[in-house]
1. For a quick check of your reading of the model, give me the residue pairs whose first member lies in segment 162-186 and is over 26 Å from Pro128 (Cα atoms) and acidic (Asp, Glu), whose second is in a loop (DSSP other than H, G, I, E, B) and at pLDDT 95 or above, with beta-carbon atoms closer than 9 Å and at least 6 apart or on different chains.
2. Please enumerate the residues belonging to segment 69-110 that are among the acidic types (Asp, Glu), without any contact (Cβ under 8 Å) to a residue 12 or more places away in the chain and either within 9 Å of the ligand (Cβ to nearest atom) or buried (at least 18 other Cβ atoms within 10 Å of the Cβ) (or both).
3. For Gly32, all conditions in the list (1) closer than 17 Å to Ala106 by Cα; (2) in contact with a helix residue (DSSP H, G or I) (Cβ under 9 Å, 6 or more places away or on another chain) hold save one; what is the number of the exception?
4. Which of the residues spanning segment 30-48 are more than 9 Å from the ligand (Cβ to nearest atom) and surrounded by 12 or more Cβ atoms within 10 Å (Cβ to Cβ)?
5. When you check Leu17 against the structure, is it more than 15 Å from the ligand (Cβ to nearest atom) and either of a type in the set (A, V, I, L, M) or loosely packed, with under 12 Cβ neighbours inside 10 Å (or both), yes or no?
6. Restricting to segment 52-68, name every residue that is within 7 Å of the ligand (Cβ to nearest atom) and among the hydrophobic types (A, V, I, L, M, F, W, C).
Amino acid sequence: MKSILIDIVDWIKSLYLPLAPVEIVVAMDMNGAIGKEGKLPWHLPADMKFFRGLTAGHTVVMGRKTYESIGKKLEGRANCIVTRDESWSAEGVEVWHDWKRDLRKARLNSNKPILIVGGAEIYELFLPVAQKLHITRIVADIDNPDTYFPVAAWKYYLWDLTSKSLQYKDSHNQFFMFFETWTKVES
Ligand SMILES: NC(=O)c1ccc[n+]([C@@H]2O[C@H](COP(=O)([O-])OP(=O)(O)OC[C@H]3O[C@@H](n4cnc5c(N)ncnc54)[C@H](OP(=O)(O)O)[C@@H]3O)[C@@H](O)[C@H]2O)c1
């Protein structure tokens, strides 16, 4: 009863108070591939540095599979893990079973964007409510990936490219990368 009342109060607040924006952070190859055998299909320190800089001090939201593939929480960030499994838990993370309700709470309680960091199932869930995409476009054609960014849900919306910069390949980073920011065009 108490939790239903809190939900109703949050819902009413969300109609009147400013909500933190929702933004997606993803790295993909030129075909939209994001994963292979439960992991990232590349090791790119420049992208990891970019990711750390973007997400430090923020709330990050990820699917249970992505969390388990990382194997630990991301330090210096509030980690929220989305799962349907009521018995799932991990130390130092917040578990989200009802993503709409939990996202509303997080948006009410944060003054920084809430960052959605994957994987594919979670991107698909949150694309309708995201205002921005931070895409690392990896100039590569990965062999036999098995997980892709959800293209249909992505292309359903119109996006403006609002920034783009190039990261050259070097001895530590085997591919060129573009760091792109796309902003959803409100219709
Ligand atoms: N390139 C990148 O930027 C990037 C970023 C992140 C991840 N990845 C890659 O993506 C792959 C993992 O992606 P994935 O799509 O397989 O898994 P995922 O999105 O990380 O997690 C999927 C899980 O999320 C939970 N879930 C999904 N929809 C839900 C809902 N409506 N309500 C509650 N829980 C829900 C379920 O957990 P339960 O089964 O526990 O119920 C589901 O199994 C890995 O290869 C990873 O390395 C790539």
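The values are calculated or read from the model by the stated rules, or taken from the named source; none is laboratory data. This structure is a prediction, so every number in the text was calculated from the model and none was measured. Glycine gets a Cβ as well: all are built from the backbone with ideal geometry, and neighbour counts include every protein chain shown.
1. Listed pairs, sorted by first residue: none to list.
2. Asp98
3. (1)
4. Initial filter on segment 30-48 (more than 9 Å from the ligand (Cβ to nearest atom)): 30-32, 43-46, 48.
Once the filter is applied, which keeps residues that are more than 9 Å from the ligand (Cβ to nearest atom) and surrounded by 12 or more Cβ atoms within 10 Å (Cβ to Cβ), segment 30-48 yields Met30, Asn31, Gly32, Leu44, Ala46, Met48.
5. Against the criterion (more than 15 Å from the ligand (Cβ to nearest atom) and either of a type in the set (A, V, I, L, M) or loosely packed, with under 12 Cβ neighbours inside 10 Å (or both)), Leu17 qualifies.
6. The answer is Met62, and nothing else.
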